[in-house]
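K.L.:
Before I ask anything, let me first share the structure, which is written out below as structure tokens.
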Amino acid sequence: MHTLPISFKRNALTFLLTAFFSSIFIAGCYDEKDASDRDNSNRVGNRNLSNGIILFIGDGMGEAHRQAATYWRGDTLIMDEMPTHGYSQTYSADSDVTDSAAAATAIATGFKTNNGFIGMDENLNVLSTILEEAQTRGMSTGLITNVQMAHATPAAFAAHVENRDMMTEIAEQILASGVDVLLGGGEDDFIPLSENGCYTQNGHRTDGRNLLNEAIDLGYTYVCEESTFNDVDPSVTRRLIGLFADEGMPRPYSPTLEEMTHKAIDILSKNPNGFFLVIEGGQIDWASHSNHAENVISDVIDLDEALAVAMAYAADKSDALIIVTADHETGGMSVDLNSSGLPDEDGPFFMPDGTPFYINWSTTGHTNADVPTTAQGLLSESLVGVNENTYIYDVMLKKIGH
Ligand SMILES: [Zn+2]
């Protein structure tokens, strides 16, 4: 048994205190009228500070995944043009090769934990997450993914369970956490066995609860298809939940990560205290498990298009911090201009100028390869070099403490 480090004890205590006070604090510090008043004062002072953090996580997105998308597009990805380039070490507390639960927990809480754990340390103590820290500072928060909302990566920012498969429990915790904008798939974790909601499959919940009805009662606008999503007016919407599939969203994604990011930023950026938003390209990992390079490339480009929205938002806000990283590499992917002739090779794919390239895979699982982490904005330069994945949490916490 490990002795808990002092920093953890402080972390756990902070969580207990914030869990107690956060709802009171948030309710007291931000309403729409207040927000517009403060926006005006910012403009008068010629300051345009957002105090925002936008974190992009390409699930399973290693160096070769980015390279393949670059070749396909025939141009550098926006994520690779960011001024800070570094790498994250992804191993978990109990394995050289992490899963998404332990890796997302490391990024979300600053602690390495065991594979499968969500928002808890190796001894099953609850850890406070960067999203919860943002909430205690009166910031708005959002989670976007194209897999299930209760899947490991978004879950680690707003839930605390000892097994990532407890997805109906995770859905309940995510809703209770008060995240302002929730957009993705995974309707079934929010509705009972007896109901099918907007999509064909019945829900997974055995407790009979319909969390989407509960969300509406809590003041959320609820949507489940692209047309109603498009109709959501960000200027009058404070809380939004949109679930667009029974499980993971089908291709082509509708709405896209880009559209969801746009809507989320428009809603969240009204808060003068700033916001914290996570956008996960969750199916990069799924495509990599299937060794399906074409879907990998398409999903990396989707994530990059969502990043373009964040970059446009941040263009005149020097303090906004934007980070693009991955939880781990999936597939042992490699890209080559020459055919290897190996049976698991994908391709040829072609660059816009007709140059062929080929993709090889060494596994259908995860690897322990360091993953690229690129960033821009206040404190982003700290992410240069090779760092533990937990360091991303440290930098984000310092940013919102600024
Ligand atoms: Zn995976």
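Please treat every number below as a calculation from the coordinates, not as lab data. Here the structure is a predicted model, which is why all the values come from computation and not from measurement. Note that each Cβ is placed from the backbone with ideal geometry, even for glycine, and that neighbours are counted across all protein chains shown.
K.L.:
Could you check the spin-label model distance between Ser290 and Asn202? Points 7 Å from the Cα along Cα→Cβ, value in nm.
P.N.:
Result for the modelled spin labels: 2.7 nm.
K.L.:
Using only the alpha-carbon atoms, how far is helix 6-29 inclined from the longest principal axis of the chain? Give it as 0 to 90 degrees, nearest 10.
P.N.:
60
K.L.:
Under the classification rounded if a/c is under 1.5, otherwise prolate if a/b is larger than b/c and oblate if not, where does the stretch 115-240 fall, given a ≥ b ≥ c as square roots of the Cα gyration tensor eigenvalues? Don't jump to the answer; show the numbers that get you there.
P.N.:
Working: a/c = 2.01, a/b = 1.19, b/c = 1.69.
In terms of gyration-tensor shape, oblate.
K.L.:
Please give me the summed charge of the neighbours of Ile400: other residues whose Cβ is under 10 Å from its Cβ, Lys and Arg +1, Asp and Glu -1.
P.N.:
Working: positive: Arg137, Lys398, Lys399; negative: Glu133.
So the surrounding residues net to +2.
K.L.:
Can you find, among Gly332, Asn389, Gly184, the residue sitting farthest towards the positive end of the charge dipole of the chain, where Lys and Arg contribute +1 and Asp and Glu -1 at Cβ?
P.N.:
Asn389
K.L.:
To continue, here is another question. Beyond 14 Å, what share of the Cα-Cα pairs of the stretch 149-202 remains, rounded to the nearest whole percent? Present the calculation step by step, with values, prior to reporting the outcome.
P.N.:
Numbers: 700 of 1431 pairs.
In whole percent, the long-distance tail amounts to 49.
K.L.:
Using a Förster radius of 25 Å, what is the FRET efficiency between Glu162 and Glu381 based on their Cβ-Cβ separation? Nearest 0.05, please. Don't jump to the answer; show the numbers that get you there.
P.N.:
Values: r = 36 Å, r/R0 = 1.46.
For R0 = 25 Å, the calculated efficiency reads 0.10.
K.L.:
222 nm [θ] for the chain, helices only, -39500 (n - 2.57) per DSSP H run of 4+, per residue, to 500? Write down the numbers at each step before the final one.
P.N.:
Working: 14 runs with 151 residues, N = 402.
Here the helix-only value at 222 nm equals -11500 deg cm²/dmol.
K.L.:
Just to confirm the number: angle between the C-alpha axis of helix 100-109 and the first principal axis of the chain, 0 to 90 degrees, nearest 10?
P.N.:
Computed tilt is about 50 degrees.
K.L.:
About the Cα centre of the stretch 313-400, how large is the charge dipole given +1 on each Lys and Arg Cβ and -1 on each Asp and Glu Cβ? Please answer in debye to the nearest 20.
P.N.:
Values: 3 positive and 13 negative charges, 67 e Å.
It comes to approximately 320 debye.
K.L.:
With label points built 7 Å along Cα→Cβ from the Cα atoms of Glu305 and Met351, find their separation and express it in nm.
P.N.:
Calculated label separation equals 2.3 nm.
K.L.:
Report the charge-dipole magnitude of the stretch 64-133 in Debye, nearest 20, computed about the Cα centre from +1 at each Lys and Arg Cβ and -1 at each Asp and Glu Cβ. Please report the intermediate quantities before stating the final value.
P.N.:
Details: 3 positive and 10 negative charges, 44 e Å.
Here the size comes out at about 200 debye.
K.L.:
Kindly identify the stretch 348-394 as rounded, prolate or oblate by the Cα gyration tensor criterion: order the square roots of the eigenvalues as a ≥ b ≥ c, call it rounded if a/c is under 1.5, otherwise compare a/b with b/c, prolate if a/b is larger, else oblate.
P.N.:
Details: a/c = 4.58, a/b = 1.69, b/c = 2.71.
It is oblate, given that a/c is not under 1.5 and a/b is not larger than b/c.
K.L.:
Looking at the square roots a ≥ b ≥ c of the eigenvalues of the Cα gyration tensor of the stretch 173-310, which shape do they give, rounded for a/c under 1.5, prolate if a/b is larger than b/c, or oblate? Walk me through the numbers before you get to the answer.
P.N.:
Working: a/c = 1.93, a/b = 1.09, b/c = 1.77.
Oblate is the answer for the stretch 173-310, as a/c is 1.5 or above yet b/c matches or exceeds a/b.
K.L.:
So for the stretch 81-145, taking the charge dipole from beta-carbon charges (+1 Lys/Arg, -1 Asp/Glu), which of Leu124, Thr109, Ser88 sits furthest toward the positive end?
P.N.:
Thr109
K.L.:
When the dipole is taken about the Cα centre of the chain, and only Lys, Arg (+1) and Asp, Glu (-1) are charged at their Cβ, what size is it in debye, to the nearest 20? Please list the in-between numbers first.
P.N.:
Numbers: 21 positive and 58 negative charges, 306 e Å.
Its charge dipole is roughly 1460 debye.
K.L.:
Still on this structure, I have one more. In whole Hz, what ³J(HN,Hα) sequence does the stretch 319-328 give by Karplus (6.51, -1.76, 1.60; θ = phi - 60°), x for Gly and Pro?
P.N.:
Per-residue couplings from phi come out as 8, 5, 9, 10, 10, 10, 9, 9, 7, 5 Hz.
K.L.:
Continuing with this model, one more query. What is the extension gain from Asn213 to Asp336, computed as 0.36 nm multiplied by their sequence separation minus the C-alpha to C-alpha distance, in nm to one decimal?
P.N.:
Working: separation 123, 0.36 × 123 = 44.28 nm, distance 5.04 nm.
Here the segment from Asn213 to Asp336 would lengthen by 39.2 nm.
K.L.:
Which of the listed residues, Ala369, Ile322, Phe357, is farthest toward the dipole's positive end in the stretch 272-402, when Lys, Arg count +1 and Asp, Glu count -1 at the beta-carbon?
P.N.:
Going by the Cα projections, it comes out as Ile322.
K.L.:
Let me ask another. Given springs between every Cα pair under 10 Å in a Gaussian network model of the chain, which of Glu132, Glu214, Glu305 has the largest fluctuation?
P.N.:
For the chain, modelled as a Gaussian network with Cα springs under 10 Å, the answer is Glu214.
K.L.:
Using only the Cα atoms of the chain, each taken as one equal point scatterer with no solvent, compute I(q) by the Debye sum, divide by I(0), and report log10 of the ratio at q = 0.09, 0.12 Å⁻¹.
P.N.:
Log-scaled intensity ratios, in q order: -0.50, -0.91.
K.L.:
Can you compute the modelled spin-label distance between Asp75 and Leu193, with each label point 7 Å from Cα toward Cβ, in nm?
P.N.:
5.2
K.L.:
Tabulate in residue order the Karplus-calculated ³J(HN,Hα) for the stretch 352-364, using 6.51 cos²θ - 1.76 cosθ + 1.60 with θ = phi - 60°, rounded to whole Hz; enter x for Gly and Pro.
P.N.:
x, 8, x, 5, x, 9, 10, 10, 10, 10, 9, 7, 9
K.L.:
Give me the angle, in degrees from 0 to 90, between the Cα long axis of helix 167-176 and the longest principal axis of the Cα atoms of the chain, rounded to the nearest 10.
P.N.:
The angle comes out at about 40 degrees.
K.L.:
Could you put Val147, Val309, Val296 in order, starting from the residue whose Cβ has the fewest other Cβ atoms within 10 Å? Display every interim value, and only then the final one.
P.N.:
On the way: Val147 24, Val309 21, Val296 33.
Final ranking by Cβ density, sparse to dense: Val309, Val147, Val296.
K.L.:
Continuing with the same structure: When Phe117, Phe244, Phe357 are ordered from fewest to most other Cβ atoms inside 10 Å of their Cβ, what list results? Show your work: numbers first, answer last.
P.N.:
Working: Phe117 26, Phe244 23, Phe357 20.
Taking fewest neighbouring Cβ atoms as first place, the list is Phe357, Phe244, Phe117.
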